[in-house]
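Following: one structure in structure tokens, then a few remarks.
Every number here is computed from the coordinates shown, using simple stated rules; none is lab data. Here the structure is a predicted model, which means the values were calculated and not measured. Cβ sites come from the backbone with ideal geometry, for glycine too, and all protein chains shown count toward neighbours.
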Amino acid sequence: MAGNITLTMIKPDAVKANNIGNILQMINKAGFKIVAMKYTQLSKAKAGEFYEVHKERPFYGELVDFMSSGPIVAAVLQKENAVEDFRTLIGATNPAEAAEGTVRKLYATSIGENAVHGSDSDENALIEANFHFAATEMHA
Ligand code: CMP
């Protein structure tokens, strides 16, 4: 699967705004296959672990609080060139800079509450998929 998957989370802001269905529809329409999915809530500890790479950043505490503040949808998506194509679909991290028609342009409200996560490399996609899912929960 390496190179063909990415990990997404539909974040608490988008879940609260009832946008799970809209975002999943965009994902499917863009040609991604959902190979794993769960509706869950991260503890503060798990959110901190997931975003460990940002530990030294000034927004880390805010990010961990937000990501553990409510339920999320985590999913593994499969498609050729998955990481890059998904980042194109969701748009820039800051919704103010996101292109028209992207997930974040449509559904994000700020750089912190930006509706969705997408892996930034093939290597991290695998790490993040294994963070959320056991091998038996992924159905390529
Ligand atoms: P995500 O793609 O999930 O990866 C890291 C997250 O950190 C990012 O989306 C943003 O939600 C968040 N983030 C990045 N920069 C900032 C910032 N300047 N202020 C608050 N949150 C940020």
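Whenever a residue of segment 88-101 is closer than 16 Å to His117 by Cα, its partners that are assigned to a helix (DSSP H, G or I) and within 12 Å of the ligand (Cβ to nearest atom), lying with C-beta atoms within less than 6 angstrom and at least six residues away or across chains, give the pairs Ile90/Val103; Ile90/Arg104; Gly91/Arg104; Pro95/Arg104; Ala98/Arg104. From the list Phe50, Phe32, the lone residue that is over 14 Å from His117 (Cβ atoms) and either touching a Gly at 6+ places or on another chain (Cβ under 7 Å) or of a type outside the set (A, V, I, L, M) (or both) is Phe32. The helices (runs of 4 or more DSSP H) found entirely in segment 1-75 that carry 3 or more residues being more than 12 Å from His132 (Cβ to Cβ) and away from the ligand (no atom under 12 Å from the Cβ) are 20-29, 44-50.
Can you tell me which of Phe66, Phe131, Phe59 is in contact with a Lys or Arg (Cβ under 9 Å, 6 or more places away or on another chain), among the aromatic types (Phe, Trp, Tyr) and over 24 Å from Asn22 (Cβ atoms)? Exactly one residue qualifies, and that residue is Phe131. The number of residues in segment 69-87 that are over 15 Å from the mean Cα position of the chain (by Cα), under 22 Å from Lys16 (Cα atoms) and in contact (Cβ under 8 Å) with a residue 60 or more places away in the chain comes to 0.
Checked against the criterion of being assigned to a strand (DSSP E or B), within 13 Å of the ligand (Cβ to nearest atom) and not polar (S, T, N, Q), segment 104-114 has no qualifying residue.
Anything in segment 118-140 that is among the polar types (S, T, N, Q), over 12 Å from Arg87 (Cβ atoms) and loosely packed, with under 13 Cβ neighbours inside 10 Å? List them, or say none. Correct list: Thr136 only. When segment 115-131 is filtered for residues that are more than 9 Å from the ligand (Cβ to nearest atom) and among the charged types (D, E, K, R), the ones remaining, listed by number, are Asp122, Glu123, Glu128. Among the residues of segment 93-103, not one is away from the ligand (no atom under 12 Å from the Cβ) and buried (at least 22 other Cβ atoms within 10 Å of the Cβ).
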